[in-house]
Amino acid sequence: MLRRLFRRKKEYKNRFLKFYHLNKKRLNKERRSTYTAKMKLGVCVRCKRKALKNIVFCSYHRAKQKEYNKKARAR
Ligand SMILES: [Zn+2]
């Protein structure tokens, strides 16, 4: 795995993208596990506030998400 990364000399736009691409498998796995853990605990997946019933966001982030979805649909 490591050897393959060295051989494949890929250029990234910036070091953040490079870090993301080199670590995305681990990052996604971590993200997914905290997501499910928070969901089970009833905590907002975006912050540490208590989530609303049956959804994964607190009231603040639910409003944010609604706004985001509206923009995404308008596009
Ligand atoms: Zn929140």
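Going by the conditions given, is residue 9 modelled with pLDDT under 95, away from the ligand (no atom under 16 Å from the Cβ) and over 18 Å from the mean Cα position of the chain (by Cα)? Yes: the conditions hold for residue 9. Among what's in segment 24-61 and is among the charged types (D, E, K, R) and within 30 Å of residue 12 (Cα to Cα), pick the residue that is surrounded by the most Cβ atoms within 10 Å (Cβ to Cβ). Result: 46. Remark: pairs (first residue in segment 52-75, over 18 Å from residue 35 (Cβ atoms); second residue surrounded by 12 or more Cβ atoms within 10 Å (Cβ to Cβ); Cβ separation under 7 Å; 6+ apart in sequence or on different chains) = 59/52.
The values are calculated or read from the model by the stated rules, or taken from the named source; none is laboratory data. On a predicted model such as this, the values are computed, not experimentally measured, just so you know. All Cβ positions, even for glycine, are placed from backbone atoms using ideal geometry, and neighbour counts span all protein chains on display.
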